[in-house]
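The values are calculated or read from the model by the stated rules, or taken from the named source; none is laboratory data. Just so it is clear, the structure is predicted and the values come from calculations on it, not from any experiment. Here the Cβ positions follow ideal geometry from the backbone for every residue, glycine too, while neighbour counts run over all protein chains shown. Areas reflect the complete protein model, heavy atoms only, side chains present, ligands, DNA and RNA absent. Shrake-Rupley method; radii C 1.70, N 1.55, O 1.52, S 1.80 Å.
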Amino acid sequence: MSKISRCILVIAAILCGSLPALPTEIDPCFAFTPDADYATNIIVMRKENRRVGLRVPVQYWEDYWDKRGGFEDYAQLFRVDMDDFTPVTRKQTSERLRSGRDNYMNFVAGDDNGPESWALNFATPRDRTTRLTDLPPGQLSPAGLTWLDTEFSSVSRFPEEDLFVAYNATDEVDSTIRCTSPKAPQTKKPMCSQYFRGGGLDVQMDYPRIFIHRWAELQHNTARFLQCSAVELPASEKD
């Protein structure tokens, strides 16, 4: 089977929902060893009125001020290989793009409104009074996601983006995934942004749409990484 044929089958499976989620086979916290060199930085969460410390091996901090530790910001960006969770630098990103290796992702940990609020904002951008339960129920989609029936989905007259949600056991939105439609005009590489809560933080994760069937695995690994990073701040630094 040619590479083009395999790509067509993958895209078809993504739209039809036949690709299973892959099992978690890596340890996203492998670098958190006793002898590792760490730097601790702080995320200021204004909406929740608290501060979160992240103690991370220095190779995951790319900028000089982050590597020194003690830096404060409202969000922190990480870029990792999705197959082994090793850090990917800006230089390596350029090299990967040139060679066609797109199995890496960015994720930003910070303070936002949560996955259900994101789903509503994307599904009904012009009507903030609509509830998610008021929308058409959508259909089952890749790896247990629900593909919402929105006005700009791939099956609409003007395809721009598709909106997927994952529900937990109590029917609350656990994850919201917003993807460029493969049918959108001038789209060469559809991308997805995934929004969820992990490690006590609000997370946005970005990756190519061809990997959407791995959404649960990627979310699990990212949340686990943030859990390993969490550090208790002294009382004087929490507020």
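Here is how the numbers come out for the structure above:
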{"read-out": "Pick from the range 150-182, criterion touching a residue at least 12 places away in the same chain (Cβ under 8 Å) and out of contact with any strand residue (DSSP E or B) (no Cβ under 8 Å at 6 or more places or on another chain), ranking: surrounded by the fewest Cβ atoms within 10 Å (Cβ to Cβ)", "value": "GLU172"}
{"read-out": "Selection status of LEU218, touching a residue at least 24 places away in the same chain (Cβ under 8 Å), within 11 Å of the chain's Cα centre (by Cα) and in a helix (DSSP H, G or I)", "value": "yes"}
{"read-out": "Top-ranked residue of the range 175-196 - restricted to ones that are charged (D, E, K, R) and in a loop (DSSP other than H, G, I, E, B), ranked as nearest to the chain's Cα centre (by Cα)", "value": "LYS189"}
{"read-out": "Top-ranked residue in the range 199-215 [being out of contact with any Ser or Thr (no Cβ under 9 Å at 6 or more places or on another chain) and outside any helix (DSSP H, G or I); ranked as surrounded by the fewest Cβ atoms within 10 Å (Cβ to Cβ)]", "value": "GLY200"}
{"read-out": "Count - residues of the range 91-147 that are in a loop (DSSP other than H, G, I, E, B), open to solvent by 50 Å² or more (accessible area, probe 1.4 Å), more than 30 Å from ARG50 (Cβ to Cβ) and at pLDDT 65 or above", "value": "2"}
{"read-out": "Filtered residue count, the range 183-198, keeping only those that are of a type outside the set (D, E, K, R) and either surrounded by fewer than 18 Cβ atoms within 10 Å (Cβ to Cβ) or without any contact (Cβ under 8 Å) to a residue 24 or more places away in the chain (or both)", "value": "8"}
{"read-out": "Criterion: at pLDDT below 95, β-branched (Val, Ile, Thr) and more than 28 Å from LYS189 (Cα to Cα) - qualifying residue of VAL10, VAL52, VAL56", "value": "VAL52"}
{"read-out": "Enumeration of residues in the range 36-62 that are in contact with a Phe, Trp or Tyr (Cβ under 8 Å, 6 or more places away or on another chain), of a type outside the set (A, V, I, L, M) and either surrounded by 19 or more Cβ atoms within 10 Å (Cβ to Cβ) or under 19 Å from PHE85 (Cα atoms) (or both)", "value": "ASN41, ARG55, PRO57, TYR60"}
